[in-house]
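Read through the structure below, which is laid out as structure tokens, and then see the notes.
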2 protein chains.
Amino acid sequence: MQANPILVQTIRGNWVENRHRGAMVLADAEGQIVASLGDTDWPVFPRSAIKSMQALAMVGAGAIERFALSDEDLALACASHHGETDHVAGVTRFLGEIGLAADALECGAHAPTNPAARSALRAAGEEPSALHNNCSGKHAGMLSVARALGVPPEHYVDPDHPVQQRVRAAVETVLGVALTTERCGTDGCSIPTYAAPLSAFAGGFARMATGQGLSPELGAAAMRLFDAATSHPHLVAGTGHFDTLVMEAFGGRVMQKGGAEGVQCGAIRDLGLGYAIKCDDGNMAASQAMAAGLLLAVARPDAKQTALLQRYARQIITNVRRREVGMMAVTDAVFEAFGC
Amino acid sequence: MQANPILVQTIRGNWVENRHRGAMVLADAEGQIVASLGDTDWPVFPRSAIKSMQALAMVGAGAIERFALSDEDLALACASHHGETDHVAGVTRFLGEIGLAADALECGAHAPTNPAARSALRAAGEEPSALHNNCSGKHAGMLSVARALGVPPEHYVDPDHPVQQRVRAAVETVLGVALTTERCGTDGCSIPTYAAPLSAFAGGFARMATGQGLSPELGAAAMRLFDAATSHPHLVAGTGHFDTLVMEAFGGRVMQKGGAEGVQCGAIRDLGLGYAIKCDDGNMAASQAMAAGLLLAVARPDAKQTALLQRYARQIITNVRRREVGMMAVTDAVFEAFGC
């Protein structure tokens, strides 16, 4: 198997310290590849990057109308949130709307991702709960599917539960490929994650942004989820996070969502293009540099958007005394492959 | 440039999630390569992996005799310690022996690496100091060089200061290669780090373990540093850390020392062999898996040592609910290249 190209390098002083390989692909809603680097047929675990696709299971089950879910609820269903006040309050409200509470969540508890929220919780002498889990909004969405279907919500994280069957089918429809238990793992929050070719996620995100290639009902729901996420960028991640900052800066033009272990997906709606990125070694910062490089090359950013993306495409590295000692930077290969 | 081989893979469920490439080399004190994988001529930053070599600057300056430094002091000079009680007390004592205090340290302050020590400091309402910096023992050693030379210690971290000139010369002697400012960066603790071919570090560690290939004085000091580190494994890293556990398990036969960004170096004294490893992407856990794989293949471990090394060569990955969801494991390529 040929090695993927080096997409990001870390420089310390005047010499290369680390090299990050990976694959990147830009595709339209028909699945036509517009540009790519590396092996984009290789199946990768999308992890949290495709929460918006998983949320489409709510459509078929009729959960959105049944419980009159708000755009804030839908944004949280697409989110890897940081456990800040608005996230915890939002998921609590979402669960209330479907007649459930935090004890129905099967994602497990972890401390808030946001450092200030973590400190505040500790200072209050409270333990982290499942509400603080970055996936709790997605789980509330999955519970809404169980409630709409009228099935017992217990064990909704299991691959054979009707909820996960619906989630899998929704993702298969958007991707246009079958998911298989032969390339299946358990995600951090205990639901199944299925590997699929990287290029399928790029085409899928183009469909999420435009509704093209989907049934009218599913297409409308996909676009509503895209709108919900891009209108509430803080709910989708949190203060200071790449995904939130990019969506804020692009004001509805771009959806950007990371997934654990170096996955980045998104779409540029007005260009009708979706993208998918996997850093071979799982490094998140490097995958963000790759995504920033792609958006710089493709998304026609204005000056302010360019300044933001440059900060991620060339990330300054400081030492303990905050001296600038190096840089993690996307390589020229990215601009050459994705440039105009 | 040809890609280095895949040395570690992360499996989630039944599919590969991440791939870590790198180079590994095993050499004797003459610098003869016994086994290798990947490009071992490529210059890499050794970072903290060569603190024991840097500590040899104390020999030429006469600091060890002048201040009657103990084996504990020498172990701390070789350490990336975790800011636990014995580390902080040890460095404080070391500084006292050379007539200095914590304010002479130029490494900067960071919170203890050890979680319990970090919590205790926070609970006491105290701020982290330079003593908690994992490099404070190395810095105490460098300050002892300044004191023995009778030069002002201020700015001892600067490349042009007599201390860093001595440190650089000591490392060059042990490696048998010239270090160059053309491949130089600033380390996390503000001292210079010079990149050199990976294979040179393997040969250098064989010399540190055996004294062979060094002058009688330097060889004796190298062996004393090796003895000091392997007799005080907790001082060199900390509770539960790979380096500490390996050195405890091998009882003086093996020195093992990690460096930031996926570097691992060490030596198996009775075999007269040193090793050096660099994970291309800087992942520390992956580099520990590589080191564990090398030691399993080469160091003739007994059952207890084997059990420890297996835990690192095949690291279980759990999710938020502590379910086992995958494994980071060294590839067969390592055992094929380094096996008997």
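Looking at this structure, is residue A:128 within 13 Å of another protein chain (Cβ to nearest Cβ) and over 21 Å from the mean Cα position of the chain (by Cα)? When the stated conditions are applied, residue A:128 passes them. Taking each residue of the range B:177-189 that is at the interface with chain A (Cβ under 7 Å from one of its Cβ atoms) and looking for partners that are aromatic (Phe, Trp, Tyr) with beta-carbon atoms closer than 7 Å, six or more apart or interchain, yields B:183/A:15; B:183/B:194; B:184/B:194; B:185/A:15; B:185/B:45.
Output the number of residues of the range B:61-78 satisfying the condition of being open to solvent by 30 Å² or more (accessible area, probe 1.4 Å) and at positive phi. Total satisfying the criteria: 1. Considering the range B:13-64, and only residues there that are in a loop (DSSP other than H, G, I, E, B) and touching a Leu at 6+ places or on another chain (Cβ under 6 Å), the residue that is nearest to the other protein chains (Cβ to nearest Cβ) turns out to be B:40. Would it be correct to say that residue A:230 is in contact with a strand residue (DSSP E or B) (Cβ under 8 Å, 6 or more places away or on another chain) and more than 21 Å from residue B:17 (Cβ to Cβ)? Against the criterion (in contact with a strand residue (DSSP E or B) (Cβ under 8 Å, 6 or more places away or on another chain) and more than 21 Å from residue B:17 (Cβ to Cβ)), residue A:230 qualifies.
Within the range B:276-304, restricting attention to residues that are free of Cβ contacts under 8 Å to residues at least 40 places away in the same chain and touching a Ser or Thr at 6+ places or on another chain (Cβ under 8 Å), the residue that is nearest to residue B:38 (Cα to Cα) is B:282.
Go through the range A:81-101 and give me each residue that's closer than 21 Å to residue A:143 by Cβ and outside any loop (DSSP other than H, G, I, E, B). Within the range A:81-101, A:86, A:87, A:88, A:89, A:90, A:91, A:92, A:93, A:94, A:95, A:96, A:97 meet the criteria. Can you tell me which residue within the range A:1-12, out of those that are out of contact with any helix residue (DSSP H, G or I) (no Cβ under 6 Å at 6 or more places or on another chain) and of a type outside the set (A, V, I, L, M, F, W, C), is farthest from the other protein chains (Cβ to nearest Cβ)? My answer is A:9. Is the range B:41-60 home to any residue that is open to solvent by 30 Å² or more (accessible area, probe 1.4 Å), in contact with a Lys or Arg (Cβ under 8 Å, 6 or more places away or on another chain) and either among the acidic types (Asp, Glu) or within 21 Å of residue B:223 (Cβ to Cβ) (or both)? Yes; the residues of the range B:41-60 include at least one that is open to solvent by 30 Å² or more (accessible area, probe 1.4 Å), in contact with a Lys or Arg (Cβ under 8 Å, 6 or more places away or on another chain) and either among the acidic types (Asp, Glu) or within 21 Å of residue B:223 (Cβ to Cβ) (or both).
Of all positions in the range A:312-328, at least one carries a residue that is touching a residue at least 60 places away in the same chain (Cβ under 8 Å), assigned to a helix (DSSP H, G or I) and under 25 Å from residue A:272 (Cα atoms). The residues of the range B:121-134 that are among the aliphatic types (A, V, I, L, M) and exposed (fewer than 15 other Cβ atoms within 10 Å of the Cβ), listed by number, are B:123, B:124. Does residue A:102 satisfy the criteria of being outside the structural domain of residue A:233 (by TED's automatic domain parsing), open to solvent by 10 Å² or more (accessible area, probe 1.4 Å) and either of a type outside the set (Val, Ile, Thr) or at negative phi (or both)? So residue A:102 fits the description; yes.
In the range A:142-153 there is no residue that is open to solvent by less than 40 Å² (accessible area, probe 1.4 Å) and within 14 Å of another protein chain (Cβ to nearest Cβ).
Among residues belonging to the range B:302-340 that are within 24 Å of residue B:17 (Cβ to Cβ) and among the basic types (Lys, Arg), point out the one that is surrounded by the most Cβ atoms within 10 Å (Cβ to Cβ). By that ranking, first place goes to B:321.
Which residues, taken from the range B:102-122, are touching a helix residue (DSSP H, G or I) at 6+ places or on another chain (Cβ under 6 Å) and not in a helix (DSSP H, G or I)? Correct list: B:105, B:107, B:109, B:111, B:112.
Answer with yes or no whether residue B:173 is outside the structural domain of residue B:63 (by TED's automatic domain parsing) and β-branched (Val, Ile, Thr). So residue B:173 does not fit the description; no. Among the candidates B:221, B:202, the residue that is buried (at least 24 other Cβ atoms within 10 Å of the Cβ) and either of a type outside the set (A, V, I, L, M, F, W, C) or touching a residue at least 60 places away in the same chain (Cβ under 8 Å) (or both) is uniquely B:202.
The values are calculated or read from the model by the stated rules, or taken from the named source; none is laboratory data. Please read all numbers here as calculations on a predicted model, not as lab measurements. Reconstructed Cβ throughout: ideal geometry from the backbone, glycine too, with neighbour counts over all protein chains shown. Calculation scope for accessible area: heavy atoms of the full protein, side chains included, ligands and nucleic acids excluded. Shrake-Rupley method; radii C 1.70, N 1.55, O 1.52, S 1.80 Å.
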